[in-house]
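Q: Sharing a structure below in structure tokens format, with a few things to ask.
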Amino acid sequence: MLSVNKDNKTRLQSRQGLALMADCTDAAMMITDTRSRLVQHNESFSRLFGWAFEEVQGKDILQLLAPQASTGFFAAMRSELLAGRSVTVDKLLTGKTGQRYWVNLVCNPVMDEAGAWQYTVSVLLDITKTKMHEILNKRVLEAMARDLPLIEVLNMVCEEVERIAPDISATILQVDDQDQLHPLASPSLPLSYSSQLDGLPIGPAVGSCGAAAWHKKEVLVKDIANDPFWADYKHLILPLGYTSCWSTPILDKDDKVLGTFAFYYRENTPQVASDFHRQLVQTCIDLCALALEREQNRLRIRRLSFYDALTGLPNRSLLQTQVDQLLLSSQREQKMVAILFINLDRFKQINESLGYLAGDKLLCLVAERLKEHVRRSGIAGRLSGDEFVVLLSESNSEKINPLIERLLATLGQPFNFGGTWMDVSACIGAAIYPQDGHNMQTLLHRADLAMQQAKKIGQGRFSFFSSEMNRLAQERLMLETTLRQALRDNDGALHLHYQPQVNMKTGVLYGVEALARWQHPVLGGISPVRFISLAEECGLIGKLGQWVLAEACSQLKQWRAKGLDVPSVSVNMSPLNFHSQDLPDRIAEILDKNGLTPASLTLELTESILLDPDPATMKTIEMVHAAGVRLSMDDFGSGYSSLSYLRRLPITELKLDRSFVADLESDETARALSAAILGIGNSLNLTVVAEGVETIAQSETLCEQGYPVVQGYLFSKPLAPTELEQWLRVPPFKRGF
Ligand code: C2E
Ligand code: MG
Ligand code: MG
């Protein structure tokens, strides 16, 4: 507190020396009365805040300097001064132009003789730079210490900057390893703007930020509307009212660009790149570099602790988390999960003979294949050495078998070692959730045991942990091998039976349907439903289809050579058969070889063909049709049954599904449907064949409804070629017509 005597006023006016001293100091000084009205200030005050004495004399200067301060703040200050105590406070003050300063304010009350508060002498020190550092550093470092996400920390930087400098909008963009920009923080700019910058490559003239990152130098564009740097982007920013943009690259300690920090200015802002803003930018880019580098380190640590450094696959820790999640979701969706333990065959020898570098290379190649294999529906990881793990989630166990087989086949493909090809195989052990265990540890252990089991059988083998699954899998594998042999040897194990299709009115043969039969050397006759789906799953269906076509056509030729009148043969085709675009050529060859016209052959398709996403399918169907081969829709009404496809597919025949025929006698609806399907067929000019006719009653109903062609046990079972010859020799009237 200043203690003064009677002539305070005189002293204030007379002490020239003191005034000179006051004017020459950098500290702003002012004298105010008890209602904060300005009585006197020094030169420095004008320099700092921009007001001339005449402009502010007698005005409530505290209100002018701190318009945002609360009434409580002023009241507290007054009561201190009133009590004769000085007040020291750091405050954000606003100058004449609206610019803000952090000021250290020391107010000393001057008392009269009676001890009453008369004036206040205040010294105001500009501490903007220090304070800015202090506040930004404190807040940002605190946020980082609390492990707040990067985006939050950087938004905080922008918001703090905008609080200190309300005339600008701050943005922070990241520059990734591919030199593309990604917005990280821009709290005052609309998302619709910043999202447009996402993925933009940096370049010598890509706005202020793209250019700053490219040149590694600050780029100040004062007139966005006319600057070539902004030519391609100004339409995005000008409507938002921003006219200048100053961007500074954020560099790491090795001078690599991590991002950019930019100020956007609105029209008529006189502060573009002022000293104050420069100080602000410097503080911010240091902090941003710190936050960005820290984030990079964090990601690197995460990668090291969760991913295998050699192959980049998830390691055991990450797998653990992923398995936990997968098991949880599979439990919810009632799915099963297969944990496959994969171990390369002869890896030790490869390592020893070719060296560890080659071994590492092989592990990376294997990892690549596994990753590619599970891309859509699984997880692949590496445990250690040549031990890999694959997780597959499936709705039922039958789907898992073919997946494992495909995986084995993938790993069995030769690997390219800088030009030379190397054959490598692997053994796979599988444990299935939920039946073999409920957690990763148990499942992995059991998969490992199964893998060791597979190793005992031989290279490139797989084994399930559960004996039942194992039995099924081994049986399937055995079936597959035998089917492959049967197709290769063509020794009669695979053969065709033919079921007559007859004219309803006359009993005359309309055609025959070729049905595949397989006599397994050990298991005996196996249903086509089973071996056809096996062939589809293990990639044999193409060969099987070709074989049936060739065999059926050759048989037709032989019958005709014997003078038997078999008008045509129908062959069942799986949708997969239409994936091979050479099917039309192969058919043409076969017909040609047997001297048959295309009309002698009918291909039976099922409705599932419409669900086939392969675009080649439709094309092949069209080509076959164009060649004059007839197409028939088999099992009509049992599946997809959308009538619209009848227009899309070039078919000439419909086969009423046998389930309708079976219910004809008992079910009114089945009768109505069979009549309706015949109606549809007739109106589309298609021949409708009723199949699975077993009883006279069914036959009579179909006859009444007007079905032209029938097929079923009532007329004949599927027959071996010689049996069919005998059947044909029986005149129709003797067969019940
Ligand atoms: P599909 O094409 O609908 O063949 C008719 C099936 O019904 C045949 O069974 C036939 O034996 C049976 N059947 C015929 N008349 C009657 C009857 O009166 N009552 C009953 N209950 N059944 C009758 P199959 O031979 O077991 O063939 C089953 C399915 O396997 C066929 O159904 C067809 O989709 C498929 N298939 C057969 N051979 C081949 C082939 O060479 N290639 C393809 N892709 N699929 C084939
Ligand atoms: Mg059929
Ligand atoms: Mg059928």
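Q: Which of the residues spanning region 535-567 are open to solvent by less than 10 Å² (accessible area, probe 1.4 Å) and more than 10 Å from ligand 1 (Cβ to nearest atom)?
A: LEU540, CYS553, LEU556, TRP559, VAL566
For (1) surrounded by 11 or more Cβ atoms within 10 Å (Cβ to Cβ); (2) farther than 20 Å from ASP90 by Cα; (3) modelled with pLDDT under 95, each residue gets a yes or a no:
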| residue | (1), (2), (3) |
| --- | --- |
| THR10 | no, yes, yes |
| ALA22 | yes, yes, yes |
| SER44 | yes, no, yes |
| ARG47 | yes, no, yes |
| GLN63 | yes, no, yes |
| ALA66 | yes, no, yes |
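Q: Restricting the search to region 348-385, which residues are assigned to a strand (DSSP E or B) and under 17 Å from ARG406 (Cα atoms)?
A: Residues satisfying the conditions are GLY378, ILE379, ALA380.
Q: Got a sec? Which of ALA165, ALA116, ALA170 is modelled with pLDDT of 90 or more, within 30 Å of LEU38 (Cβ to Cβ) and not charged (D, E, K, R)?
A: Residue meeting the stated conditions: ALA116.
Q: Would you call LEU370 out of contact with any strand residue (DSSP E or B) (no Cβ under 6 Å at 6 or more places or on another chain), open to solvent by less than 40 Å² (accessible area, probe 1.4 Å) and at pLDDT 90 or above?
A: no
Q: If you don't mind, another one. Filter region 93-118 down to the residues that are aliphatic (A, V, I, L, M) and open to solvent by less than 30 Å² (accessible area, probe 1.4 Å), then identify the one that is nearest to ALA69 (Cα to Cα).
A: LEU93
Q: Further question: If I go through region 642-654 residue by residue, how many of them are within 15 Å of ligand 1 (Cβ to nearest atom) and either under 12 Å from LEU610 (Cβ atoms) or at pLDDT below 90 (or both)?
A: Result for region 642-654: 1.
Q: Only strands (runs of 3 or more DSSP E) wholly contained in region 403-468 count here; list those with 1 or more residues that are among the aliphatic types (A, V, I, L, M) and open to solvent by less than 30 Å² (accessible area, probe 1.4 Å).
A: Per the criteria, 426-433.
Q: Follow-up. What residue, of SER608, SER574, is within 16 Å of ligand 3 (Cβ to nearest atom), among the polar types (S, T, N, Q) and open to solvent by less than 50 Å² (accessible area, probe 1.4 Å)?
A: Going through SER608, SER574 in turn, just one is within 16 Å of ligand 3 (Cβ to nearest atom), among the polar types (S, T, N, Q) and open to solvent by less than 50 Å² (accessible area, probe 1.4 Å): SER574.
Q: Then there's this: Output the residues belonging to region 511-529 that are in contact (Cβ under 8 Å) with a residue 60 or more places away in the chain and either surrounded by 21 or more Cβ atoms within 10 Å (Cβ to Cβ) or at positive phi (or both).
A: GLY511, VAL512, GLU513
The values are calculated or read from the model by the stated rules, or taken from the named source; none is laboratory data. Worth saying up front: this structure is predicted, and the values here are computed from it rather than measured. Here the Cβ is made from the backbone with ideal geometry for all residues, glycine too, and neighbour counts use every protein chain on show. Surface areas here come from the heavy atoms of the whole protein model, side chains and all, with no ligands, DNA or RNA. Shrake-Rupley method; radii C 1.70, N 1.55, O 1.52, S 1.80 Å.
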